[in-house]
Ligand code: CP
């Protein structure tokens, strides 16, 4: 069964096919109306969302399909203690495809292990957000005309920003990508992305804490919100919350053709004075989110049982009772699941579900 849990579940060719299909939908919207008639999408959102849930809903409606689900798990049997796996087993009896957002890392992965319909990860904790990545890739392609060869600056909360982690994974498959990581020390990119993705795939990156120094070289500036809800310590959040603010003065330092992306919502990291700048692409990015999710739904429904579009092969998991994942937001520490690990770059052992380093 083809699912989308992590951007690496799609080959580069599959990503390019989805982006190309989204471009065809833009050009020939009428051809796709009705292509999901009598099909049902379930949106299971255990965490708040505006763009992702509503764009999935709008995408399925534009394709002629129907949508069911919940946006607040307290209104479902989750509040009675139903597990993620039991919930998807049940919802798979009603729906043809499921989009799931969950605050616990690895929840969509364990859902996919028992689901009889495709599962789409619509964001799991600080871990991954692959459909935002497809949105970002379509936006970069439409704004700049190409993805290969870009220099992209990620600015703000690179530690908890799941959209950043997923986009770097996907970009690592494109040619000549240069990454500039702009963050205070407390919010730096996790090591597993630097080691397992950038070092392994040969992506050139540098780290800085100066947006002013970095901005002149960028083709894309990817701003992010500091994710208050992910901090365990409120004082730490207060120290870093206003680290970087994009304003008209800083935009004057940038290339004439630079594109500003932001997964949104923003809080105060982009001033509204930037919104009318033609380089501000973040509201066009929102619309691209619906278009690319239309393309994703069509593709997964077509590929779900096609051996030519299988899931990637992984080495067998390490099952060692002496090892323990210490991430309190990992699914294996929130529901009963067998502890599993994988051997990553530099001989480091990581949790199978959340990628945390195991000590
Ligand atoms: N970009 C994004 O994931 O937005 P929502 O949290 O509103 O879905």
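Brief remarks follow.
- Ranked by how many other Cβ atoms sit within 10 Å of their own Cβ, fewest first, the residues 188, 266 fall in the order 188, 266.
- Over the chain, dividing the summed -39,500 (n - 2.57) contributions of all DSSP H runs of at least 4 residues by the number of residues returns a 222 nm mean residue ellipticity of -9000 deg cm²/dmol.
- Summarising the strand pairing of the chain, around 15 percent of its internal DSSP beta bridges are antiparallel.
- Paired Rg and Dmax values of the range 63-117, which use every Cα atom, in angstrom: 11.2, 34
- On the beta carbon distance between residue 256 and residue 20, with R0 = 35 Å, the FRET formula returns roughly 0.80.
- Calculated log₁₀ intensity ratio I(q)/I(0) where the Debye formula runs over C-alpha points of the range 247-358, q = 0.14 Å⁻¹: -0.90
- Computed from the alpha carbon atoms alone, the convex hull of the range 157-253 holds 96 Å³ per residue.
- Restricting the calculation to Cα atoms, every distinct pair contributes to the Kirkwood radius of the range 69-176, found to be 15.5 Å.
- Relative contact order %, the chain, counting alpha carbon pairs below 8 Å whose residues are six or more apart: 19
- What the pair-distance distribution of the chain shows, using all Cα-Cα distances binned every 10 Å from zero, is 5, 25, 35, 26, 9, 1 percent.
- Relative contact order of the range 1-138, pairs being alpha-carbon contacts under 8 Å that are 6 or more residues apart, as %: 29
- Convex hull (Cα only) mean projected area of the range 1-145, reported in nm² to one decimal: 8.8
- Percent RCO, i.e. relative contact order, over the range 235-288, from Cα pairs under 8 Å lying at least 6 residues apart: 42
- Here the Kirkwood formula puts the hydrodynamic radius of the range 1-42 at 12.2 Å, using every distinct Cα pair.
- Counting all C-alpha pairs of the range 1-71, share separated by more than 15 Å (%): 65
Read the figures in this text as sums done on the coordinates, not as results from a lab. No experiment lies behind these values; they were computed from the predicted model shown. Using ideal geometry, Cβ is built from the backbone for each residue, glycine included, and neighbour counts are taken over all protein chains shown.
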